[in-house]
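Okay, structure first, notes after.
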Amino acid sequence: MSADPRRTDASTRTKSLLGDRLHRVTEATLAFLDLDSLLAELLDRTREVLHADTAAILLVEEGGEVLYPRAARGLEGEVEGAGGVPIGTGFAGEVAAGRVPVVIEDLDSSPIEVRNPVLREQGIRALVGVPLLVEGELIGVLHVGTRRPRGFDDEDVGLLSIVADRAALAIDRARLFEAERGSRIEAEAAATRLENIQRVTEAALGFLDLESLLGELLDRITEILDADTAAILLVEDDGDTLAARAAKGLEREVEEGFRLPIGAGFAGRVAATREPVVIEDLHDSPIEVVNPILRQSGVRSLLGVPLLVERELIGVLHVGTLHLRRFVDVDSELLRLAADRAALAIQNARLVDERRISHSLQRALLPRELPRIPGLALAARYEPASTASAVGGDWYDVIPLDYPYVGLAVGDVAGKGVEAAAFMGELRNALRVFAYEGRDPGEALKRLDSFVERQARDQMATLVYGVLDLESWTIEIARAGHPLPLLASADGSTTFVARDGGTPLGTGLASPPVSHRVVIQPRATLLLYTDGLIERRGQRLADGERALSDAAAAGPLGPESVCARVIKAMTSAAALADDLALVAIQRVAIGDVLALDVPARAEELSWVRAAVGRWMAEGGASKADIAAMALACSEACANTIEHAYGPGDAELRIEGEIEPDSVTITVSDRGRWRKPREDARGRGIALMKAFADQVEIAPADDGTTVRLRRRIEG
């Protein structure tokens with residue numbers, strides 16, 4: 001029996017039509033690699049080939065137990081609602097659980113529960129769903145529907161199953177592509193984060209000045225995190241308060257000196273928990289925001305992280321936006337990494353600033369110049385520690401007292417930084433007061449210890465103080481816990497002196513200081529110093545003292561040369577772990593020629609008379625000649641101070657020469673003499689003429705010279 005040609009033609013046309021429809025779906029699966037675009041195109045073509053009103057794809061998420069609507073046509077509300085469907089419940093759940101097609105010809109009379117309200121809201125009456133499988137693994141469900149009852153036949157189901165197979169492969173491939181692209185994006189993001197962190201690190205290394213560093217850090221952090229505001233609050237010295245130190249977009253925080261206790265408000269909570277804190281919306285935040293500037297500036301969202309250095313809290317860094325923003329884990333991690341590097345940079349800059357301030361304070365409190373005293377050669381050195389953390393309160397002072405006495409002091413305050421330097425200044429000033437009130441070094445140290453105790457600062461200091469008599473060349477020395485002075489004789493021998501000493505200042509002086517009398521021979525050098533010169537980690541104190549003794553045993557060198565030799569020998573082997581101060585004094589002969597530079601101040605006149613007297617005495621002049629020329633020279637200096645200079649720093653040059661039968665002294669200045677006042681006209685010149693045989697006054701444009709000459713007994 002021959003086949004009906006009409007049936008054959010119909011079957012051929014059906015297969016051809018089916019092939020065309022499948023080809024269209026297959027094209028869609030190959031045309032897109034982007035998953036969202038792929039799903040949209042698949043649903044459009046599937047709905048078209050099956051003459052359906054709706055189509056939807058649900059994909060397996062969360063460990064393969066829940067289906068989530070991923071794409072829909074005619075059922076967009078299903079995706080927008082984004083409710084999950086547990087496998088085994090509802091229509092799509094039944095398809096996924098059985099992994100076989102499921103057909104509902106009419107929802108109104110279906111035994112299968114339809115749990116998705118969107119289907120009924122859209123008027124869907126008939127549904128057919130098939131599983132999406134890749135190598136036997138369920139990845140989702142594809143279903144189509146119509147708004148009229150429909151009996152989906154085997155051909156419809158078969159066609160949808162074939163579509164599902166192609167779609168499942170395309171979806172799986174697209175997911176792999178997205179995962180690969182996601183990995184690539186994540187790698188690029190990681191590289192970007194690394195670059196951003198490097199930018200913060202560069203900012204941290206680019207400045208030593210703390211204010212400039214903070215400003216640059218905030219600029220870069222706001223740019224990296226695409227934030228509108230940023231602020232850094234640092235922990236104050238009390239350890240309980242945060243203070244706004246730098247801000248971008250919130251400058252008023254710094255200008256108005258905003259502070260808050262740790263634990264209070266947003267920044268206080270970050271500091272207290274030492275963890276990142278996020279506020280998504282300041283208008284509806286369970287975290288109290290105590291800083292009104294944040295609300296007044298329009299900030300809506302905030303992210304803050306602690307600034308930590310070796311687990312120690314030094315402050316808080318926070319960023320904010322003027323629009324609602326959900327800060328995610330990546331943002332927190334990036335800000336935390338930036339904060340770690342910023343904290344190290346801030347700590348380093350703080351140490352540098354503190355060291356700079358400490359050094360400036362110390363330099364300001366140390367003598368700008370040493371007094372020039374005929375017969376006494378002086379030199380001093382201050383060397384700061386190599387590291388900022390070791391900068392302390394080492395100091396020295398030379399105090400001209402009433403002639404013939406000179407006070408000499410070297411001290412060391414326990415502690416480091418600005419506080420130690422400030423305490424050093426207080427000690428130095430207090431010692432000067434006690435030195436002017438009496439010449440007993442031991443008594444001065446006792447009074448200084450009482451002064452320290454009354455300050456209630458819980459600080460200690462060591463000190464060596466001596467009073468030198470320029471006529472007898474003896475020095476009385478007292479120590480309070482300080483290293484031993486070293487006396488280096490002209491023959492190269494050395495001796496540590498004043499071995500009995502009291503306890504450090506600030507300890508109640510359980511062992512009171514004892515004064516020791518030491519005679520300084522001609523060309524001998526006395527060294528006073530702090531422990532930074534002789535103490536080294538891992539080395540015995542005796543070894544340091546021996547090395548100092550060897551370095552100072554240089555024979556008849558001047559004090560400048562002795563200081564240079566000692567510093568080089570004691571510090572060349574390693575970096576200084578502590579500050580050091582050093583004073584060297586030496587007894588020298590004045591000689592036949594006097595050369596003296598004196599500050600143009602009235603209080604120097606007694607020293608001028610003493611210097612002239614000692615010089616003439618060494619030259620063999622009589623007491624009468626000494627008294628006369630000392631007074632004449634003093635009057636010449638007084639006239640110069642009164643008439644040649646106004647207020648300010650200026651100097652006089654005094655030169656003298658002794659011949660067998662006469663002495664000549666010249667006083668020179670670089671000022672222009674003013675006319676004397678009527679009530680003092682000629683008094684100084686008259687006194688000069690009364691005590692000198694010849695008085696010559698030679699004014700010039702660049703200064704005035706007064707020349708005094710007196711015949712002396714041979």
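The values are calculated or read from the model by the stated rules, or taken from the named source; none is laboratory data. This is a predicted model, so every value here is computed, not measured. Using ideal geometry, Cβ is built from the backbone for each residue, glycine included, and neighbour counts are taken over all protein chains shown. Just so you know, the surface numbers come from the protein's heavy atoms only, side chains and all, with ligands and any DNA or RNA stripped out. Shrake-Rupley method; radii C 1.70, N 1.55, O 1.52, S 1.80 Å.
Key figures
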item	result
For region 399-499: rounded, prolate or oblate by the Cα gyration tensor [a/c cutoff 1.5]	oblate
Mean Cβ count within 10 Å, highest first, over the residues of peptides 140-150, 295-305, 620-630	140-150, 295-305, 620-630
Cut-off under 5 Å, modelled amide H: who pairs with A600 long-range	A650, E651, L652
Amide H contacts under 5 Å for S662, placed H, 5+ residues apart	I712
Amide H within-cut-off set for D693, under 5 Å, with H built and near neighbours excluded	R709, R710, R711
Per residue accessible area of region 44-161, 1.4 Å probe, in Å²	45
Listed residues G502, L533, V514: farthest to the positive end of the dipole of region 448-578 (Cβ charges)	L533
Ordering of 466-475, 696-705, 490-499 by burial proxy (mean other Cβ atoms within 10 Å per residue, highest first)	466-475, 490-499, 696-705
Contour minus Cα-Cα distance for I162 and D693 (0.36 nm per residue)	177.7 nm
Environment charge of T146, counting only residues whose C-beta is closer than 9 Å and scoring Lys/Arg +1, Asp/Glu -1	+3
Total charge dipole magnitude, region 258-303, about the Cα centre, Cβ charges on Lys, Arg, Asp, Glu only, Debye to nearest 20	220
Debye, to nearest 20: dipole size of region 207-322, +1 on Lys, Arg Cβ, -1 on Asp, Glu Cβ	240
Cβ crowding within 10 Å averaged over residues, with 662-668, 408-414 ranked highest first	408-414, 662-668
Accessible area of region 85-161 belonging to carbon and sulfur atoms, whole % at 1.4 Å probe	45
Charge sum, other residues only, whose C-beta stays under 10 Å from E383's C-beta, Lys/Arg counted +1 and Asp/Glu -1	-2
Sum of side-chain charges, V270 neighbourhood, beta-carbon under 14 Å (Lys, Arg +1; Asp, Glu -1)	+1
Total charge dipole magnitude, region 430-494, about the Cα centre, Cβ charges on Lys, Arg, Asp, Glu only, Debye to nearest 20	300
